[in-house]
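The values are calculated or read from the model by the stated rules, or taken from the named source; none is laboratory data. Since this is a predicted model, take the numbers as computed values, not measurements. Cβ atoms come from the backbone with ideal geometry, glycine included; neighbour counts cover every protein chain shown.
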């Protein structure tokens, strides 16, 4: 790969010297869902790096062929074994130093079933008052839970927008 | 490239047979801004395919190293020569058949300057009542303008979420 500005473009891209195909690198979308069943919400303890053993709500990279809301619901099922309906967007969290945008939703569980997926050591239902604020995996998870905590008794919620100012290469995404 | 399920993953990815590097393909983010200066808004006539000659507000692929809002403001400057402040999110439009998520914002122009960028044949200021609804470039542009039209006199706006149901391979993104 060579770095060069393709014709008609305005910034350097990775270009294959053999075939001249331009490999665009773009930010990736993380979709996450704060999933609740009445007065309790789902928390997963991470089984994979980074931040093994720390708590999160279901979240992960959006895949091709799905909508953002479908992706958030898929992550909820894969990581926590919960079936949810996505209710609303809580916030949009940009992480420019990692090339990520996190779309964080509030979701309602269809029933009380939950089970740890491959990426979770354990999945628990917790009261809102018992969120382990000191042991959360990432700043975006804390931010999402703070929004969900604030939004949970409001019928109208305007999603927030923020961005991370943490330097690249830290665990603080 | 070979299609195979990498260890610990649950779906086929493009894997290099020589070096085993997994090339993840993920949805891309389109950031757009309905830019207004009081009673008028910015419209650009596309100079590039697809849909050359049709109207749009500034929008394009988000780049690495920027927040979503910065990306929307950058597109406004690159395509229409306008300096804007991003006010709020209008809506999130998923296009699963193209692997895209469009984040569409409302933006306020800092002054009346505007000028066609390389991707625009012309850039004009139009009254809200004079939007060329029949000559818009894409369904997502129509949707964004409809939201902006509805939102423009509301102090509180809850962003909408929708998705395209158009088949892949059409111009209807």
- With (1) over 17 Å from the mean Cα position of the chain (by Cα); (2) over 12 Å from residue B:57 (Cβ atoms); (3) surrounded by fewer than 16 Cβ atoms within 10 Å (Cβ to Cβ) as the list, and residue B:126 as the residue in question, which single condition is left unmet? (2)
- Message: When you check residue B:107 against the structure, is it within 20 Å of residue B:160 (Cβ to Cβ) and away from chain A (no Cβ under 12 Å), yes or no?
- Response: yes
- Message: Based on this model, can you work out whether residue A:51 counts as surrounded by fewer than 23 Cβ atoms within 10 Å (Cβ to Cβ) and modelled with pLDDT of 95 or more?
- Response: yes
- Query: Within the range B:22-47, restricting attention to residues that are free of Cβ contacts under 8 Å to residues at least 24 places away in the same chain and surrounded by 12 or more Cβ atoms within 10 Å (Cβ to Cβ), which residue is nearest to residue A:94 (Cα to Cα)?
  - Reply: B:24
- Message: Going by what's in this entry, would residue A:92 be described as at pLDDT 95 or above and under 24 Å from residue B:10 (Cβ atoms)?
- Response: no
- Query: Looking at the range B:129-139, which of its residues are buried (at least 19 other Cβ atoms within 10 Å of the Cβ) and either out of contact with any strand residue (DSSP E or B) (no Cβ under 6 Å at 6 or more places or on another chain) or modelled with pLDDT under 95 (or both)?
  - Reply: B:131, B:138
- Item | Residue ranges of strands (runs of 3 or more DSSP E) in the range A:1-89 with at least 1 members within 8 Å of chain B (Cβ to nearest Cβ) | A:28-37, A:59-61
- Test: residue B:12 is farther than 27 Å from residue B:150 by Cβ, out of contact with any helix residue (DSSP H, G or I) (no Cβ under 6 Å at 6 or more places or on another chain) and surrounded by fewer than 24 Cβ atoms within 10 Å (Cβ to Cβ): yes
